[in-house]
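*Asks:* One structure coming up, written as structure tokens, with questions to follow.
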Amino acid sequence: MNIRKNDTVLVISGKDKGKKGKVRYAFPKEKRLVVEGANMIKRHTRARAMTRQAGIIEREAPLHISKVMLICNKCNRPARVSFRLLEEKRVRVCSSCHEVID
Ligand SMILES: [Zn+2]
């Protein structure tokens, strides 16, 4: 997976197209990500002793990785990621500014 937790991504398709947010969770197996403020779904809940809050709760649903693009933390542009070996570690490289992202 070329996107990880705490990366900033741009949503490129769906109803939240154009939104930017931080990756809260990454699920590499499913190739899905939970992005802060993106793909909100409404959940109807009943009051329980645990939650206390009844009614509608909004939360983020996971997005498929193909629906987002990584925003490079060096040039601040949506970037394609390539990989390079650096001191025997696989690092991500921004295709637009050629800087190492992590
Ligand atoms: Zn860059």
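The values are calculated or read from the model by the stated rules, or taken from the named source; none is laboratory data. For clarity, every value in this text was computed on a predicted model and none was experimentally measured. Every residue, glycine as well, gets a Cβ built from its backbone with ideal geometry; the counts of neighbours run over all protein chains shown. To get the accessible areas, we keep the full protein, side chains included, count just its heavy atoms, and leave off ligands, DNA and RNA. Shrake-Rupley method; radii C 1.70, N 1.55, O 1.52, S 1.80 Å.
*Asks:* If you go through the range 39-49 one residue at a time, do you hit one that is surrounded by 14 or more Cβ atoms within 10 Å (Cβ to Cβ) and either of a type in the set (S, T, N, Q) or out of contact with any Cys (no Cβ under 9 Å at 6 or more places or on another chain) (or both)? Let's see the steps before the verdict.
*Replies:* Residues of the range 39-49 that are surrounded by 14 or more Cβ atoms within 10 Å (Cβ to Cβ), as a first pass: 39.
Add one more test, that the residue is either of a type in the set (S, T, N, Q) or out of contact with any Cys (no Cβ under 9 Å at 6 or more places or on another chain) (or both), and what stays is 39.
There is at least one residue in the range 39-49 that is surrounded by 14 or more Cβ atoms within 10 Å (Cβ to Cβ) and either of a type in the set (S, T, N, Q) or out of contact with any Cys (no Cβ under 9 Å at 6 or more places or on another chain) (or both).
*Asks:* Yes or no: the range 91-99 includes at least one residue that is surrounded by 12 or more Cβ atoms within 10 Å (Cβ to Cβ) and among the basic types (Lys, Arg).
*Replies:* yes
*Asks:* Can you list residue pairs whose Cβ atoms sit under 7 Å apart, with the first residue in the range 70-86 being part of a strand (DSSP E or B) and the second being more than 10 Å from the ligand (Cβ to nearest atom) and open to solvent by 100 Å² or more (accessible area, probe 1.4 Å)? Count only pairs 6 or more apart in sequence or on different chains.
*Replies:* Ile71/Lys20; Phe83/Arg90
*Asks:* Next question. From the list Arg32, Arg80, pick out the single residue that is more than 9 Å from the chain's Cα centre (by Cα) and among the charged types (D, E, K, R).
*Replies:* Going through Arg32, Arg80 in turn, the sole match is Arg80.
*Asks:* Moving to a separate point now. Being open to solvent by 100 Å² or more (accessible area, probe 1.4 Å), within 18 Å of Pro78 (Cβ to Cβ) and not in a strand (DSSP E or B) is the filter here; which residues of the range 16-38 pass it? It would help to see each step written out before you state the result.
*Replies:* As a first pass, look at the range 16-38 and keep what is open to solvent by 100 Å² or more (accessible area, probe 1.4 Å): 17, 20, 25, 29-31.
Subset that is within 18 Å of Pro78 (Cβ to Cβ): 17, 20.
Within the range 16-38, Lys17 is the sole residue that qualifies.
*Asks:* Which one is farthest from Lys74 (Cα to Cα), of the residues in the range 5-15 that are open to solvent by 90 Å² or more (accessible area, probe 1.4 Å) and modelled with pLDDT of 95 or more? Step through it out loud before you land on a result.
*Replies:* Here is the first cut: in the range 5-15, the residues open to solvent by 90 Å² or more (accessible area, probe 1.4 Å) are 5-6, 15.
Checking which are modelled with pLDDT of 95 or more leaves us with 5-6.
Numbers: Lys5: 17, Asn6: 15 Å.
Looking at residues that are open to solvent by 90 Å² or more (accessible area, probe 1.4 Å) and modelled with pLDDT of 95 or more, I get Lys5.
*Asks:* Looking only at the range 70-102, count how many residues are among the acidic types (Asp, Glu) and within 8 Å of the ligand (Cβ to nearest atom).
*Replies:* Adding up the residues that qualify gives 1.
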